[in-house]
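Below is one structure, written out as structure tokens; comments come after it.
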């Protein structure tokens, strides 16, 4: 656990750089986080996923899995791989300022 | 007369009714348990069938043998749960009403969820999550001459998270016994970054796979199976070809849960993870694999959870607050081949660690290490399951996980 200054705001992050307090998140911060993982521009499609993830987290208290987003959030798994290449579950939650989804054992 | 209705007579449902019956006055409480089939399967035993270690007779018993006197057993298919009206409709037209409902309908392998699975099923694609599947795989392995065997996890969560690892370890051992290990390439493809979800165990188990010459393909999330190319195809267009594919199919809760509007995206019932009360209905609980708990879907979890559930339920019906908090305790033997096994013990907050179990420093079981004692623990467990666990008798193990005996 440490604090990091992102877009001029001091936010709490974990060892891997994931934000640990969702209330500190802002769209401005998301834009910087996206650049950190080589996503230069957040398109409307990116925002759709990010906003849905945050709304779902506010109700469920856990970050949605890819299947949950594709079933309930209306964005297909394939599209998530295009938007957030290689590791969409991890990258989406990182940009949305949420914990990475727990790989349920 | 109050009515308790339990849906599903598997590990969780059976244990729950057997524990509750002696503690609920027979004059005041009617207990009914429903299941669609007459047969109770010892599901951990399916793993051993492909290798001829167990046969059909080792893993099935009549459900009625395990339902204590004083409990009504209804056999039939459940059509719909109507929680607003406190009743359950059966496919044959019967209507069962209740004061309290316990959902224990489990989670199930769903090959239909992956395009291409059903077309190749029984030929180059086999699975060991059903009895017919495990028996067909045994038949296939008996005459298989070698090639690329791919073990693949299609989705999380799934029943018994160590089973695909065990299958891989046993396959390595079995092909050595048959004298064809040099003709078999073993591949383990998983959607996760590691071979297990918890770091310390992932390191130990990953090392074991490496020792046994298994190639791990991480971050591989399957979209479909291409039966012409004999290849798994991932969402990001990578391919893993196979001669024989043994996937863990997508697991989903019972369809009736989805039909009744009571499930999440995988038909698992959202509950309070400490006491299993439904998040939507205050007289409905979900226990065992049917619930959306963030822990393993496994019989050991169901067992520990039912102990907590029983105590809480008895307080809840008296209008008292539920005191016990389930900690997510799971305890799994991992068969690793050559007469050895490992054991892991963990909960929501503590990952599997090395050490001794259940007696700190003594054992007889060793956590996260291959020993013959762990193998014998696994083999004896079948007797424990039929004779102690299902009948709701006490095992000399606390429901809550202990840190004593574990090493950081």
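Coordinate-derived values only; no laboratory data. Here the structure is a predicted model, which means the values were calculated and not measured. With ideal geometry, Cβ positions are generated from the backbone for all residues, glycine too; neighbour counts draw on all protein chains shown.
Largest GNM mean-square fluctuation among B:126, B:230, B:329, using chain B with Cα springs under 10 Å: B:230. The Cα atoms of segment B:110-250 give a gyration tensor whose axes a ≥ b ≥ c have a/c under 1.5, which makes the shape rounded. Over chain A, Cα pairs under 8 Å with separation of 6+ residues give a relative contact order of 28 percent. Name the most mobile residue of A:60, A:79, A:27, meaning the one with the largest mean-square fluctuation, in a Gaussian network model of chain A with Cα contacts below 10 Å. Checking each option, the largest mean-square fluctuation is seen for A:60.
Considering only alpha-carbon pairs that sit under 8 angstrom and 6 or more positions apart, the relative contact order computed for chain B is 17 percent. Please report the relative contact order for segment B:110-250, taking Cα pairs under 8 Å with a sequence separation of at least 6, and give it as a percent rounded to a whole number. Across segment B:110-250, relative contact order equals 38 percent.
The helix-based estimate of mean residue ellipticity at 222 nm for chain B, built from -39,500 (n - 2.57) per DSSP H run of four or more residues and divided by its residue count, is -7000 deg cm²/dmol to the nearest 500. Between helix B:199-211 and chain B there is an angle of about 40 degrees, using the helix long axis and the longest principal axis of the Cα atoms.
Between the alpha-carbon centres of segment B:143-217 and segment B:1-40 there is a gap of 38 Å. Rounded, prolate or oblate: which fits segment B:360-399, taking a ≥ b ≥ c as square roots of the Cα gyration tensor eigenvalues, rounded meaning a/c under 1.5, else prolate when a/b beats b/c? Taking the square roots of the gyration eigenvalues as a ≥ b ≥ c, segment B:360-399 is oblate.
Distance from the Cα centroid of segment A:1-51 to that of segment B:325-351 is 36 Å (rounded to whole angstrom).
Between residue B:2 and residue B:39, full extension at 0.36 nm per residue minus the direct alpha carbon distance yields a gain of 10.5 nm. What residue among B:352, B:396, B:364 has the largest mean-square fluctuation in a Gaussian network model of chain B, using Cα springs under 10 Å? Of the options given, B:396 has the highest mean-square fluctuation.
Helix B:299-316 and the long axis of chain B differ in direction by around 20°, with both axes built from C-alpha atoms. Sorting B:27, B:272 by the number of Cβ atoms found within 10 Å of their own Cβ, with the fewest placed first, yields B:27, B:272.
Could you state the angle between the C-alpha long axis of helix B:11-20 and the longest principal axis of the C-alpha atoms of chain B, as a value from 0 to 90 degrees rounded to the nearest 10? The angle comes out near 30 degrees.
Please say if segment B:330-389 is rounded, prolate or oblate, where rounded means a/c under 1.5 for a ≥ b ≥ c the square roots of the C-alpha gyration tensor eigenvalues, and otherwise the choice is prolate for a/b larger than b/c and oblate otherwise?
oblate
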